[in-house]
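To start, the structure itself, in C-alpha cells.
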Amino acid sequence: MNGAAAAGTALAFPVIVPARVLGKDAPSNTLSIAQIGCGRIGRTMDVPGFMRANGARIVAACDLDSRRLEGMRQAVARHYKTSVDSIVGACDFHNLISRSDIDIVSISTPDHWHAQIAIEAAFAGKHVYMQKPASLTIREGRLFANAIAETGCTFLLGSQQRSWEQFQKACAFVREGRLGKVTSIEVGLPGDPGGGSTKEMPVPEGLDYDFWLGSTPKVFYTEDRVHSQNADLRKAVNSRPGWLRCEQFGAGMITGWGSHHLDIVHWGMGWEKIGPKSIEGKGVFHTGGLWDVHGDYDITLTYPDGTPVRVWDKFPNGVRFIGEKGWMFVSRGAAKATASDPAMAGRPLKALDASDPTLIAGRPSVVLYPNPATKPGHHHQNLIDSIKANVPSEVPAETAHRSCSACLLSWIGMKLGRRLEWDWQKERFVNDAEANAMLARAERAPYGARRAYERLSKKVGA
C-alpha cells in the first residue's frame, strides 16, 4: 500500500467511544461512521443518506484520490458545522477499519473493491453498509457472505428499493397471493454504450492508481478507465465514471441495475436464499473501444419451482409479476436515486401498476420483515435501527449474495450463449468446466477478497 498511503495518515481526530461499548441506554449512543469511497454514489447518495439518519454521525472519510477525499471532508465538516480537521482523512481504508472509535464502515467504492473491504471491515469488528453489487464474482461473494455470518456484524446492502413503499407493497401483495400462482416474471434493465478512449495518460497527482486497480490486472491509466479529473470537482464527482463500463471492474448494467430488480424478484417470490436452476440467453458485448461491458441482451433464469424470469433490455425498466389473476408491475416511476438513472422505457406505467386496480388496492396483509422495519423511504436509517435493535437489516449479506449471484449467472449466460444448469446449493454449474471457471477471477497480489478472507478467518479461528 504505497503512493497515496502516505497521504492517508489519520488527521487530528477526537476519540469517540463506540456505542457498542457503552450500550443502547448510554447517554451518548451515537454510532460513528467511516465513509470509504468519495465519488458519485458516496457523495450524492450514501453520505447524504447517513447525514439524514438519526443515531449516527460520519466522522471519517477515505478515498484513493486525494482531491475527492479532501472535498468529502469539507462537505462533511460543513454539514456538521465543525472544522475540517475534526474529520479523519485516509487514502488507505486499513487506517480507518483498524480504529476502535469507528462503528460502521460505509463502502461506496468501485465494484471490484466491495467484497474485500467488507470482509476486512467485518473481521475488524465493524458493521457494514455496502453499495451493490455485492461482489465482482460469485466465489468472492460467497466469501463475503461467510465473513459477515462468521463475525456476526450487521450488514445492509445499498439495494434501496426495499425501503420504497411501492416495492414493499408489490412484494407483499405477491406473497399474499393476489396474483394467484405466479407463472412468469419480466425484468426490464438498460444496457451500456460502447466507446471510451484507449489513449494512455499519465496518472494524475494524488491518485494511487495501483491501489485503485486492486486485485484486477495491471493496465495503463487513462481517464475513461477510472473517473473524471475535471477541474470542477462537483462536475467530476457527479459524472458517471468509466470503470462502470469496463468488465475488468464489473459486469455492466446486469449487476449495476440488475442487483436492484433481481433483488425485488427474490423478495417477492421468497427466493432470498436460493438461486436459479438454469440460465439461457445471449448478449452483445462492445468492441473497438475501452468500454467492453454488454449492450443488448436477453436472458431467462428458471427457478427451482419452474418459474421463468426473463431479463431483457426491451422490457420497461422495472419488474412485472405475471400470475393466474393478472399482472403487477413495480418500478421507480419518475423518481431517481441518482442523476444517471435511466428513464423508464416503453408505454407509461405507474410506479405501482396492475392489470386490475383491485390487485394493488388497500394494504397488504403480509408482513415482509419479522422485526419492525424502518419508516419507508429511509434506507440508511435501517442499518442504524437494525444495529441498535440487534436484528437483521432489510438486505442482509446472504440475501445480497444471492441477488448478485443471479446477475452474475446472467452475465455468464450472455458470455457463453448456451443453456447452463446451476446447482444453487453447491454454487456450481453442472458438468460445465468452462462455466465453472468463470465463477472466480485471478487476484493480483497483494490484493483480493480471497487473500483477505483466508488471512483473517485463520486469525479468528486460531
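Just so it is clear, none of the values below were taken in a lab; they were calculated from the coordinates. Keep in mind it's a predicted model, so treat the numbers as computed, not measured. Please note: Cβ atoms are built from the backbone with ideal geometry, for glycine as well, and neighbour counts cover all protein chains shown.
Exposure proxy check: 123, 155 ranked by fewest other beta carbons within 10 Å?
Numbers: 123 21, 155 28.
Ordered by Cβ neighbours within 10 Å, fewest first: 123, 155.
For a test of the definition: using alpha carbon positions, the gyration tensor, and the 1.5 limit on a/c, classify the stretch 348-410 as rounded, prolate or oblate.
Numbers: a/c = 2.32, a/b = 1.29, b/c = 1.79.
Taking the square roots of the gyration eigenvalues as a ≥ b ≥ c, the stretch 348-410 is oblate.
Starting from 0.36 nm per residue, how many nanometres of slack lie between residue 94 and residue 355 once their C-alpha separation is accounted for? Intermediate results must be reported in sequence, preceding the final value.
Details: separation 261, 0.36 × 261 = 93.96 nm, distance 5.18 nm.
The residue 94-residue 355 span can extend by a further 88.8 nm.
For the chain, what's the relative contact order in percent, using C-alpha pairs closer than 8 Å and at least 6 residues apart?
Values: 994 pairs, mean separation 95.5, N = 462.
So the answer I get is 21 percent.
Put one equal scatterer on each alpha carbon of the stretch 194-331, apply the Debye formula with no solvent term, and list log10 I(q)/I(0) at q = 0.10, 0.11, 0.15, 0.19 1/Å to two decimals.
Log10 of I(q)/I(0), two decimals: -0.47, -0.56, -0.87, -1.12.
Could you calculate the FRET efficiency of residue 198 with residue 419 from 1/(1 + (r/R0)^6), where r is the beta carbon distance between them and R0 is 41 Å, rounded to 0.05?
Numbers: r = 35 Å, r/R0 = 0.85.
So, using R0 = 41 Å, E works out to roughly 0.75.
Out of all DSSP beta bridges in the chain, what portion is antiparallel? Express it as a percent rounded to 5.
Looking only at bridges with both residues in the chain, the antiparallel portion is about 55 percent.
Counting only other residues whose beta carbon sits under 10 Å from that of residue 215, what net charge do I get with K and R as +1, D and E as -1?
Details: positive: 441, 444, 450, 451; negative: 140, 443.
Once all neighbours under 10 Å are counted, the net charge is +2.
Where does the chain land at 222 nm, in deg cm²/dmol rounded to the nearest 500, when only DSSP H runs of n ≥ 4 count, each adding -39500 (n - 2.57), divided by all residues?
-8500 deg cm²/dmol
Please give, to one decimal in nm, the separation of the simple spin-label points placed at residue 79 and residue 54, each 7 Å out from Cα toward the Cβ.
Spacing of the two 7 Å Cα→Cβ label points: 1.8 nm.
Where the convex hull is taken over the Cα atoms of the chain, what is its projected area averaged over directions, in nm²?
Working: hull surface 87.3 nm².
About 21.8 nm², averaged over all directions.
Kindly provide the GluC sites (Glu not before Pro) of the stretch 259-324 that DSSP labels as loop, not H, G, I, E or B, and whose Cβ sees at most 12 other Cβ atoms within 10 Å.
Answer by residue number: 324.
At residue 369 and residue 428, where each label point lies 7 Å from the Cα along Cα→Cβ, what is the point-to-point distance in nanometres?
3.8
In whole angstrom, how far apart do the alpha carbon centroids of the stretch 114-176 and the stretch 240-285 sit?
14
Might you report the magnitude of the Cβ-based charge dipole of the chain about its Cα centre, with Lys and Arg at +1 and Asp and Glu at -1, to the nearest 20 debye?
On the way: 55 positive and 47 negative charges, 146 e Å.
Taking the Cα centre of the chain as origin, the dipole is about 700 debye.
How far apart, in nm, are the 7 Å Cα→Cβ label points at residue 229 and residue 176?
Distance between label points: 5.5 nm.
Rank 401, 297, 212 by how far each Cα sits towards the positive end of the charge dipole of the chain (+1 on Lys, Arg Cβ; -1 on Asp, Glu Cβ) and give me just the farthest.
Of the candidates, 401 comes out farthest on the positive side.
May I ask you to sort 102, 33 by Cβ crowding, counting other Cβ atoms within 10 Å and putting the fewest first?
In increasing order of surrounding Cβ atoms, one gets 102, 33.
Fully extended, how many nm does the chain gain between residue 314 and residue 285 (0.36 nm per residue separation, minus their Cα-Cα distance)?
The residue 314-residue 285 span can extend by a further 8.8 nm.
Using the Kyte-Doolittle scale, find the helices of the chain whose mean hydropathy is at least 0.0 and whose Cα atoms extend 24 Å or more along the helix's long axis, counting only whole DSSP H runs.
Span-like helices here: 397-416.
Using only the alpha-carbon atoms, what does the stretch 376-462 span along each of its principal axes? Please give whole angstrom values in decreasing order.
Over the stretch 376-462, Cα extents along the principal axes are 46, 39, 23 Å.
Using modelled amide H (1.01 Å from N, peptide plane; none on Pro or chain starts), what sits under 5 Å from the amide H of residue 291, excluding residues fewer than 5 places away?
Correct list: 195, 196.
Give me 278, 410 sorted ascending by neighbouring Cβ count inside 10 Å, so fewest comes first.
Least crowded to most crowded, the residues run 278, 410.
Under a cut-off of 19 Å between alpha-carbon atoms, report the lysines in cross-link reach of residue 388, not counting same-chain residues fewer than 8 places apart.
Straight-distance partners of residue 388: 24, 126, 375.
With a/c under 1.5 counting as rounded, go ahead and sort the stretch 288-332 into rounded, prolate or oblate using the C-alpha gyration tensor (a ≥ b ≥ c being the square roots of the eigenvalues; past the cut-off, prolate if a/b is larger than b/c, else oblate).
Oblate, because a/c is 1.5 or more while a/b does not exceed b/c.
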